[in-house]
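What follows is one structure encoded as structure tokens, with my remarks underneath.
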Amino acid sequence: MDADSADLVKRGEYLARAGDCIACHTADKSRPYAGGVPIGTPFGTLYTPNITPDPETGIGRWTDADFLRAMQQGIGKGGQHLYPAFPYAEYTRVTERDVLAIRAYLNTLTQIRYTPPRNELSFPFNQRWLMFFWNLFNFHEGRFVPDPKQSPQWNRGAYLVEGLAHCEECHTPRNVMQGLKSSDRFSGEVQAGWRAFNITPDKAGGIGNWSDDEIVRYLATGAVAGRANAAGPMAEVVADSTQYLTPDDLRSIAVYLRSVPPVAGGQTRPRDQWGRPADDVKGLRGSRITGVDGAQLFVANCASCHSWTGQGIGASAPLAYPSLIHNSVVGSPDASNLAMVILHGVNRQTKEADVMMPAFGDELTDDQIAAIANYVTNRFGDPKATVTVDDVAKLRRRQP
Ligand code: HEC
Ligand code: HEC
Ligand code: HEC
């Protein structure tokens, strides 16, 4: 490979990371980019295609024009409409030059012969031509247009966030057609049991009280002491995508996010401004173990890492066992992420650390998990945030 094409491939790899292609197109780490990831939609399950250069089962026979058409128009090689679970609504904003760099990178991957399972979509959603109507209302084809009134840094952030990084796919609420609601951008949405929080610059509802440095650190490492940790789908975003972005690009993202319209969303106090140390352990000494007492269960299952006061262990050190006081998951008015964290644990691999909290789904029953979650929000978070045993049972069936 000559120096020019080596550069192109390297740029393509960086952009593929910014677009987090691997998250949706890798079901099995031993088959990178060969697809097969089940994507749950309200209409059934889709399986992502193989995008390795394998000529039979991948995209080896695709021309650059085919690839551009898929990324920018959401049209497959046979001319069929692709489902918007593939974020072409955002990728359409990416320049031709960048799309072709990604293609050049994908061309260098190992060819993997693998055919993902067939989609399980019910009629009429298995009718691809219907996407024509979805596109009519929810898709605006076109490349990103820089705003000359804004700084180059802002424009770089907007290009990444609105395009490859597709932050809105999770963080923007959806309309009845499952399109993104342009009036409430970045104000938060629930997907597969996880709430992707409000990340508008609103001081109470969003992340308006975070500094730019904190946003950068969160995206680079997944942890900001006294504010938030990244679990679930956001842990994957950090591990597969944002940790690889340059500090300049992360700062541009922070600058852009700060400029979007703030949305309070009914929240009056920031998620990361709740809680005080607990001293329940004193009252528990010598008391009978009941099995569903939140305080007892917390001390037995969580205190070894988070301390019975909830203040964490070594929590001021980066990536240590975090304090549950001033933590956005614990202080959220919606306790579902907390229940998800207890059920499925935390797993985030970054250049800095392999962060692991064990999953308690197999150890604890739904009523025990509800009791712990309600104890945790009551002591260390927003006491109005509660989960029922039923909620936990539903969340248990979700993917981690
Ligand atoms: C949020 C999940 C998601 C992400 C992220 C994602 N894809 Fe996909 N992609 C899909 C799904 C789902 C499909 C299948 C859509 C369909 O069947 O209509 C798809 C289809 C495709 C196709 C069409 C393949 C074919 O055989 O028809 C290409 C090409 C593609 N993706 C490339 C990429 C690239 C390049 C990236 C990163 C820049 C990327 N995808 C990121 C979910 C994703
Ligand atoms: C696949 C879905 C998904 C995508 C894509 C995504 N996020 Fe998130 N994000 C989440 C979820 C879920 C959480 C909550 C994490 C938790 O509970 O620990 C979150 C949390 C956050 C937080 C912390 C908010 C808080 O108060 O704790 C920030 C900041 C954030 N995301 C920024 C971004 C940015 C910037 C992007 C685009 C580069 C992005 N996210 C893309 C799902 C996503
Ligand atoms: C073996 C140690 C360990 C145990 C036991 C443990 N945790 Fe954790 N916990 C962690 C680690 C590690 C993290 C992730 C830190 C990071 O993201 O950098 C974490 C994160 C969290 C978070 C923050 C998640 C987020 O996305 O912001 C909550 C809430 C939490 N734990 C609650 C609990 C509860 C409740 C229990 C008991 C059922 C528990 N933990 C037991 C180690 C532990």
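Points worth noting:
- Label positions at residue 95 and residue 73, each projected 7 Å from the Cα along the C-beta direction, are separated by 2.2 nm.
- Seen against the Cα atoms of the chain and their longest principal axis, helix 64-73 is set at about 50 degrees.
- Where trypsin sites (Lys or Arg not before Pro) fall in DSSP loop in region 7-50, at most 10 other Cβ within 10 Å: 29
- Spin-label zone in region 116-157 - amide nitrogen under 18 Å from a point set 7 Å from the Cα of residue 174 along the C-beta vector: 119-140
- Treating r as the C-beta distance of residue 363 and residue 120 and R0 as 41 Å, the FRET efficiency rounds to 0.85.
- Remark: spin-label model distance residue 287-residue 56 equals 6.4 nm, labels positioned 7 Å along the Cα→Cβ axis.
- At a probe radius of 1.4 angstrom, the accessible area of the chain per residue rounds to 48 square angstrom.
- GNM result for the chain, Cα springs below 10 Å: residue of 366, 248, 147 fluctuating most strongly: 147
- Computed helical MRE - 222 nm, the chain, DSSP H runs ≥ 4 contributing -39500 (n - 2.57), nearest 500: -10500 deg cm²/dmol
- Spatially proximal lysines relative to residue 351 (Cα-Cα < 22 Å; intrachain offsets below 8 disregarded): 10, 29
- The longest part of the chain holding none of the exposed loop GluC sites (Glu not before Pro), meaning those outside H, G, I, E and B in DSSP with at most 16 other Cβ atoms within 10 Å, is 142-351.
- Just the protein heavy atoms count here, and of the accessible area of the chain at 1.4 Å, carbon and sulfur take up 54 percent.
- Part-to-part distance (alpha-carbon centres) for region 185-257 and region 321-380, which is given in Å: 18 Å
- The trypsin sites (Lys or Arg not before Pro) found in region 300-400 that occupy coil by DSSP, while having at most 12 further C-beta atoms within 10 Å, are 351, 384, 397.
The values are calculated or read from the model by the stated rules, or taken from the named source; none is laboratory data. Everything quoted here is computed from the prediction, not taken from an experiment. Quick reminder, even Gly has a Cβ in these numbers, built from the backbone with ideal geometry, and neighbours come from all protein chains shown. Ligands, DNA and RNA are stripped out before the accessible areas are found, and what is left, the full protein with its side chains, is counted by its heavy atoms. Shrake-Rupley method; radii C 1.70, N 1.55, O 1.52, S 1.80 Å.
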